[in-house]
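The structure under discussion appears below in the form of structure tokens.
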Amino acid sequence: MSFSTSDTIVAIATASGRAAIGVVRVSGPDTARIVAHLTGRVGHDRRFEPRRATLAPVAGVDRTVVTFFPAPHSYTGDDVAEVSAHGSPVVLRAIVEAAVAAGARLAEPGEFTLRAFLNGRIDLPQAEAVADLVDAVTPLQARAAFDQLEGTLSKAIAELDAALFDLVARLEASVDFPDEGYHFVGPRELETVLDGLLARLDALLVDGRRGRLVREGLLVAIVGKPNVGKSSVFNALVGAGRAIVTAMPGTTRDLVTEVLDLEGLRATLVDTAGLRVTDDAIEAEGVARARGAHQVADLVLVVLDGSRPLDDEDRGALTEAAGRRRLVVVNKCDMEAAWIDGPEAGVHVSARRGTGMDALRQAMARALDVEPTRDSPAITNVRHLALVERGRAAVVRARDAVAAAGGSLSEEFVLADLQDARGALEEISGRRTPDDVLAHIFERFCIGK
Ligand SMILES: Nc1nc2c(ncn2[C@@H]2O[C@H](COP(=O)(O)OP(=O)(O)OP(=O)(O)O)[C@@H](O)[C@H]2O)c(=O)[nH]1
Ligand SMILES: [Mg+2]
């Protein structure tokens with residue numbers, strides 16, 4: 001990964017494969033010369049007008065449209081040109097090769113966005129949001145990434161950092177002028193300010209759990225004894241005959257997974273083997289895998305057969321799921337009920353007829369505590385969460401030191417902790433982020449982004 005912005009880079013910016021149009025992006029100090037060379041528009045009077053799409057064919061390749069964005073008002077902050085061509089991989093590659101022949105270098109993944117960051121156009125959470133937005137598969141993910149791109153997280157972090165900075169400045173003044181016998185911030189006030197900071201950090205962390213669900217999606221396991229209709233419920237939820245359904249207990253052996261859009265959330269649904277004691281080696285392995293999936297799931301759907309009385313195997317499945325976030329699904333409600341509301345309240349469905357599936361989807365979203373209309377969470381990224389946690393731990397240390405000191409507070413100790421907290425926050429925003437962390441972040445971008 002190159003952290004230099006002094007050369008000019010080029011890449012295809014659009015998806016690979018055939019398309020109506022494709023875009024080649026050039027960025028760096030030599031952009032104007034390279035693009036003029038490509039299109040044969042040489043001479044002072046033939047310069048590209050800023051931000052105006054201009055028909056400018058690349059000779060022998062395609063009739064292209066060039067848009068020139070002069071520094072600093074461009075995506076990267078350097079001179080940028082976008083060359084739109086017909087979306088053929090062959091044509092786009094030829095344009096890139098011509099640009100390289102004219103002196104450009106092939107861009108590495110994420111290098112355009114990296115330059116935007118290095119040039120101070122965006123901060124690190126915004127750069128990360130660009131990658132998230134490109135990768136989003138549900139509308140909620142896209143929305144969360146967009147909010148981060150708009151700077152909601154950056155703003156929250158900047159406010160916290162400003163409050164910390166203010167406190168640090170006053171504590172330093174107290175250290176610098178000890179003879180004055182004058183505390184620029186008294187212990188009581190210090191405690192109040194630190195408590196306020198802790199409350200704000202906690203709020204960010206609570207939103208973080210939700211945010212991570214939005215970003216990474218979650219795992220929902222369907223469990224229950226054999227033949228209650230787990231695979232049928234699975235198929236009804238994913239809207240396809242994905243898992244095998246038969247009247248024979250012990251049909252499902254392996255884990256069957258499918259990704260589901262659950263009220264805007266990305267959920268991976270897992271169908272599992274029916275839980276029972278068995279001599280069959282294959283089925284036993286299936287039961288073990290079912291338990292494994294069950295243990296890591298964010299939500300467990302326990303399926304019961306409503307047309308038959310509850311038995312010990314059902315009770316076993318319910319007990320296994322007792323300590324977990326779970327939802328009881330009473331299936332086969334198209335048949336005569338063997339029990340109504342029995343020992344377990346649950347969502348009544350008929351997987352065979354498809355009745356109750358919307359109610360089930362809503363109950364799942366509710367059980368996961370992710371309301372579709374809720375404002376997007378601020379933190380969706382594990383890197384950010386870990387750093388907020390580190391910052392919080394440092395503030396807690398400072399808070400404890402103040403409480404323990406009573407009236408005889410030593411500002412130096414508190415200062416060291418508060419500097420730690422600031423360090424963590426500034427690593428989120430990218431103001432103090434080590435190069436290897438930066439390289440790691442930008443590696444996951446696509447080329448041309
Ligand atoms: N009447 C009725 N029958 C159903 C319903 N759902 C499933 N069945 C039937 O119940 C039987 C078992 O269905 P599956 O979906 O294979 O059950 P399972 O829990 O996955 O079974 P295993 O994989 O063996 O553990 C099949 O004959 C289904 O047709 C339902 O809503 N109503
Ligand atoms: Mg099954």
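The values are calculated or read from the model by the stated rules, or taken from the named source; none is laboratory data. Quick caveat: nothing in here was measured; it's all calculated off a predicted structure. For the accessible areas, the whole protein counts, side chains as well, though only heavy atoms, and no ligand, DNA or RNA atoms are used. Shrake-Rupley method; radii C 1.70, N 1.55, O 1.52, S 1.80 Å.
Rounded, prolate or oblate: which fits the chain, taking a ≥ b ≥ c as square roots of the Cα gyration tensor eigenvalues, rounded meaning a/c under 1.5, else prolate when a/b beats b/c? Don't skip to the end; give the middle numbers.
Details: a/c = 3.10, a/b = 1.25, b/c = 2.48.
Judged from the Cα gyration tensor, the chain comes out oblate (a/c at least 1.5, b/c at or above a/b).
Which far-off residues, 5 or more places away or on another chain, put their amide H under 5 Å from the one on THR355, with H placed in the peptide plane?
Sorted by chain and number, the residues that satisfy this are SER350.
First check a/c for region 98-242, with a ≥ b ≥ c the square roots of the eigenvalues of its C-alpha gyration tensor; if it is under 1.5, answer rounded, and if not, answer prolate when a/b is larger than b/c or oblate otherwise. Kindly include the intermediate steps, with their values, before the conclusion.
Details: a/c = 4.62, a/b = 1.45, b/c = 3.18.
Verdict is oblate for region 98-242.
On a 1.4 Å probe surface of the protein chains, which of HIS384, HIS440 comes out largest in accessible area, and what is the full order?
Final ranking, largest accessible area leading: HIS440, HIS384.
Which shape class, rounded, prolate or oblate, goes with region 237-368 when its Cα gyration tensor gives a ≥ b ≥ c as root eigenvalues, a/c under 1.5 marks rounded, and past that a/b bigger than b/c marks prolate?
rounded
Across region 216-232, in residue order, what do the Karplus-derived ³J(HN,Hα) couplings come to in whole Hz, using 6.51 cos²θ - 1.76 cosθ + 1.60 with θ = phi - 60° and x for Gly and Pro?
Whole-Hz 3J(HN,Hα) from phi for region 216-232: 8, x, 9, 10, 10, 9, 9, 10, x, 6, x, 6, 6, x, 4, 5, 5.
Taking θ = phi - 60°, what integer Hz values does the Karplus form 6.51 cos²θ - 1.76 cosθ + 1.60 yield along region 24-35, in sequence order, with x for Gly and Pro?
Per-residue couplings from phi come out as 9, 10, 10, 9, x, x, 9, 4, 4, 5, 5, 6 Hz.
What is the Cα centroid distance between region 395-448 and region 145-161, reported in whole angstrom?
First find each Cα centre; the distance between them is then 17 Å.
Whole Å is fine, so just give me how far the alpha carbon centre of region 24-79 lies from that of region 292-355.
63
Considering amide H positions built from the backbone, and no H for Pro or chain starts, which residues 5 or more places from THR14, or on another chain, come under 5 Å of its amide H?
Hits under the 5 Å cutoff: VAL23.
Once phi is turned into ³J(HN,Hα) by the Karplus curve 6.51 cos²θ - 1.76 cosθ + 1.60 with θ = phi - 60°, what whole-Hz value does each residue of region 2-11 show in order, with x for glycine and proline?
9, 9, 8, 10, 8, 9, 10, 10, 9, 6
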